[in-house]
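Read-outs: derived from the displayed coordinates by stated rules, not from any lab. Since the model is a prediction, treat every value here as computed from it, not as a measurement. Neighbour counts run over all protein chains shown; Cβ positions are idealised from the backbone, glycine included.
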Amino acid sequence: MSTASRERKPNFFYNIAKNYPVVVIFIVLVILFSILYHERFLSPANLTATLRQFVTLILFSIGPTFVMLLGSMDQSFIGIWMLGSALLWILTPILGPISLLVFPLFGIASGLLIGLIHVKLRVPSFILTLSVLIVYWGLTVIIVQGNPRIVPGYEFLTADFIPFIPTPFLYSIVIILLAVFIVKRTKLGTYFYAIGSNEEGARLAGIDVGKYKIVAFTLSGFFSGIGSIVLFQHLGGTVPVSFSMNNVVRPLIAIILGGTPLSGGRGGPQRTILGALTFSVIYRGLYLSALDAEVIDLIVGLILIVSIVISSRGGELRGVEIA
Amino acid sequence: MANEPILDVRNVYKSFGKVYALEDTSLRVYPHEIVGVVGENGAGKTTLMKTLVGVHSPDKGEWYHNGIRVPFPKDPKDAARKGISIVYQERGVVPSLQVYQFLFLGNEEKYIGKFGLQIPKMKNAAKEILDEFHIKCNIEDFMFDLPLSTQKMIEIAKAVLNIRLEQNKENADSVIILDEPTAPLNIEERNELLDEIVRLKKHSSFVFVTHIMQEVIEYMDRVIVLRDGRQVAEYDMATNKVTEKELVRMIVGKDVEEQYQSSRPKNYIEQSGNALSAINLSKNGSYYDVSFNLYKAECLGFWGSAGSGKSELIKTIAGIKGYDDGCLMIQGKKTKNRELPHTRLRKGIGYFSGETVNELFYDWPITKNISILNIEKIVTRFIHLLKFKAEKAMAAGIVEQLRIRTPNTVTAISSLSGGNKQKVTVGKWLERKPDILLLEDPTIGIDVGARDDIYKTILDMKSQGISMILVSDDPKEYSTLCDRIVLMQQGKAERTILKEQLNEVIQA
């Protein structure tokens, strides 16, 4: 073996481990769980369940990823799914299947509104989107008078056509590709990274920071809306009325675990895929264990803390330097 | 000068990977003197200073104390016990603290009583220190309220205090390392600070890192020149008065051309038409009734001390700040009071400053840093898809033109030296070619060689028809770049002079 190739090989793995720590975690977990529950973890049923879990996570987390790239936060995605479902329940008897468009349209309107309030009135996005989420939840419960209404007629959305592969998984691939394309290949994506990485620099480079922040929130709403079309049926085809913190927290874990830090500027949808995949495996592994649901929640919380620590460690610390 | 040095390090070697950052460098500091350390960025000044305060440990080297060999310090606290402390260039001040709180920051444990901190005792000690160092401020002032030069003085006092508290001695010998302390200051503040430091020689010795040759010649007792990690020259200023030219030659290792292409005749410029004009432009608290015309392909300088309003004025033109009254016209068209930088850029105004932290995206490659400003040139027409090949070609062109020293165009900015970082900033504007380019301290804190390259590029852009406005603190920069200079004082534009007249004005 020549010296060149001998030097290259460890570098390659070292780089993966350094830049994508989540890949290492993923591989370790898959091996660990395969040994612990050797029959069950690699069974077709569990793999399908893992994919279903992945679909839920990725569709919820793709939208907020855009906003987090800019260093802001969007927690309204669950609200878009809930209130969108309630609107669908109202509209379906009137308009028929075309009512599904209510999700992306409502998502766009919601994102635009949040973006405008955030930028023009300078409300911090974390608390703003949390408030919006609670408002949407309240509206949902009022509209359906507290009952989880069934909205029939959309079963075709999730009907299988490849065995063992949930159909929503196929939809989510298309949605992911679109998101990755936007951040990696367009001017818009470049501007998002620029704002997240150095907002002052972006402003000096002549980028209308306010405008692109609004665009990011709108895109987030749009992707949450598109995702909710699939998720509505994927998660039961009823209007959700009970609010679960888990639904908000887990997609955020997927984003941060994947490598988009809370401060923005790095990561993106392509990294969120890794995060969602890894978290799905973690979750299924915990689910197969004998642990109580409460203990699982506790572990999930700890995972969030650890992934925030890992993601903020990645960036170079701008320490004091001597010229 | 006493013959026993208080700091004596010899034959220090330090390598990072295969590259030697320091090779066989020695430094001696005697009591009551100021030792200047000069050299280009990357010459090893950083590494030497960090070795002295225990941030880096050297590969090889000896440290003597009273003639006895002792180990190098393990960390900054250990260095303070040996009598060495450092005042960093920036980010050393905690603005939200009061003066006495800041002075004892990190040393509070020496003032813990039965009921928490002994505030009155701390305040008395702080008062004594301020008197001793002749610092004119109140111990209860907030740091952010004080002028930059006073903040620096307090930092120096803190460094001396730190050594005293570590050694538990009132009159400990101390060496304070000052890393470009004058870089953020304007010319008056600079002289004031330097005079104070000279006065402080009776309390402490100083190691003074700087890029400004004048400071070295006027204020230092000794100076050492580093190049490529080695000490290439040492001058005792008392016996061997060195000229600025000689110093620069030792730093760069070759003669730097002093001659730049001269500016055009005045009448030629006026005939070429107006690029920008201001009539009675005012911003409350900053500048009042400023009127001027900027002609095409001309560089107009604004000269004045800090507080003269020159910095606010250039930021107003850039769109970073707004104005309250008057009229600002770009190519004859009026502007609104408040327009953001992106609007001004669309109208043809570009702005850059020497503060690369704000200007550049440090973790991005060179390619992206250049294309962010020129993205229209490398996207497809309809949905703005990026063309990566065009992006690379664009960056490669700039790297070659400006002689940016880098392994390739995808190297991250953070791994470039200060001068090369600044060249990238200039390069993105060179590619963009705005109608009007605003320069604020364009070469602050960079070495002589890179400065030369940047001046050449800027003058080149000017000869291509780009108008410029310069705000800086370096008189030489004005005479190199400007055609005309507006003198500003306390927010008013006093009069306009030709660049040749600037020296008379400064000396008057």
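For the protein assembly as shown, what log10 I(q)/I(0) values come out of the Debye formula at q = 0.04, 0.05, 0.08, 0.09 1/Å, with one point per alpha carbon and no solvent?
Per q value, in the given order, log10 I(q)/I(0) is -0.23, -0.36, -0.88, -1.05.
Placing +1 on the Cβ of each Lys and Arg and -1 on the Cβ of each Asp and Glu in the protein assembly as shown, which of B:427, B:301, A:298 has its Cα farthest towards the positive end of the resulting dipole?
In the protein assembly as shown, that residue is A:298.
Take every DSSP beta bridge whose two residues both sit in chain B, then give the antiparallel share in percent to the nearest 5.
Numbers: 44 of 79 bridges.
Counting DSSP beta bridges with both partners in chain B, the antiparallel share is about 55 percent.
Identify the chymotrypsin sites (Phe, Trp or Tyr not before Pro) of region B:326-369 meeting these criteria: DSSP loop state and at most 15 other C-beta atoms within 10 Å of the C-beta.
Values: sites: B:351, B:352, B:361, B:362; in loops: B:361, B:362.
Filter output for region B:326-369: empty list.
Which one of A:158, A:191, A:288 has its Cα pushed farthest toward the positive end of the charge dipole of region A:44-311, where Lys and Arg give +1 and Asp and Glu give -1 at the Cβ?
The residue sitting most towards the positive pole is A:191.
Beyond 29 Å, what share of the Cα-Cα pairs of region A:44-311 remains, rounded to the nearest whole percent?
That fraction is 29 percent.
Can you give me the relative contact order of chain B as a percent, contacts being Cα pairs under 8 Å and 6 or more apart?
Reported as a whole number, the value is 15 percent.
Looking at the protein assembly as shown, what % of its DSSP beta bridges pair antiparallel, to the nearest 5?
55
Go from 0 up to the bin containing the longest alpha carbon distance in region B:41-179, width 10 Å each, and give me the % of pairs per bin.
For region B:41-179, the binned pair fractions read 11, 38, 32, 15, 3, 0 percent.
Can you check how the C-alpha radius of gyration of chain B compares to 2.2 N^0.38 Å, as a plain ratio?
In units of the globular-protein estimate, chain B measures up at 1.06.
Tell me the angle of helix B:148-167 to the major Cα principal axis of chain B, expressed in degrees between 0 and 90 and rounded to the nearest ten.
Helix B:148-167 sits roughly 20 degrees off the main axis of chain B.
If you average over every viewing direction, what projected area does the convex hull of the Cα atoms of region A:178-258 give, in nm²?
6.7
Using a simple spin-label model with points 7 Å from Cα along the Cα→Cβ vector, what separation in nm is obtained for residue B:138 and residue A:24?
5.5
In region A:44-311, what is the count of Lys pairs whose alpha carbons are under 17 Å apart, counting only pairs at least 8 residues apart or on separate chains?
Count of close lysine pairs: 4.
Per residue and in Å³, how big is the convex hull formed by the alpha-carbon atoms of region B:281-368?
Roughly 128 Å³ of hull volume per residue.
Taking Rh as the Kirkwood radius computed over C-alpha pairs, what is the Stokes-Einstein D of region A:93-136 at 37 °C in a medium of viscosity 0.692 mPa s, expressed in µm² per second?
Estimated diffusion coefficient is 279 µm²/s.
What are the chymotrypsin sites (Phe, Trp or Tyr not before Pro) within region A:86-183 that DSSP puts in a loop, where the Cβ has at most 12 other Cβ atoms within 10 Å?
Here the chymotrypsin sites (Phe, Trp or Tyr not before Pro) that fit, given the DSSP loop and packing criteria, are A:161, A:164.
Which value, in debye to the nearest 20, describes the size of the charge dipole of chain B about its Cα centre when Lys and Arg Cβ atoms bear +1, Asp and Glu Cβ atoms bear -1, and nothing else is charged?
Roughly 1740 debye, rounded to the nearest 20.
How large is the dipole of the protein assembly as shown about the Cα centre if only Lys and Arg carry +1 and Asp and Glu carry -1, each at its Cβ, rounded to the nearest 20 debye?
2360
When the Karplus curve 6.51 cos²θ - 1.76 cosθ + 1.60 is applied with θ = phi - 60°, which whole-Hz ³J(HN,Hα) does each residue of region B:226-232 get, with x for Gly and Pro?
Ordered by residue, 3J(HN,Hα) equals 9, 9, 6, x, 10, 7, 9 Hz.
Give the residue list of GluC sites (Glu not before Pro) in region B:1-110 that are DSSP loop and have at most 16 other beta-carbon atoms within 10 angstrom.
Qualifying residues, ordered by number: B:90.
Which entries in the list B:283/B:334; B:45/B:136; B:336/B:387; B:336/B:456 go over 24 Å, if you measure between the two C-alpha atoms of each?
Cα-Cα > 24 Å for B:45/B:136; B:336/B:387; B:336/B:456; rest within.
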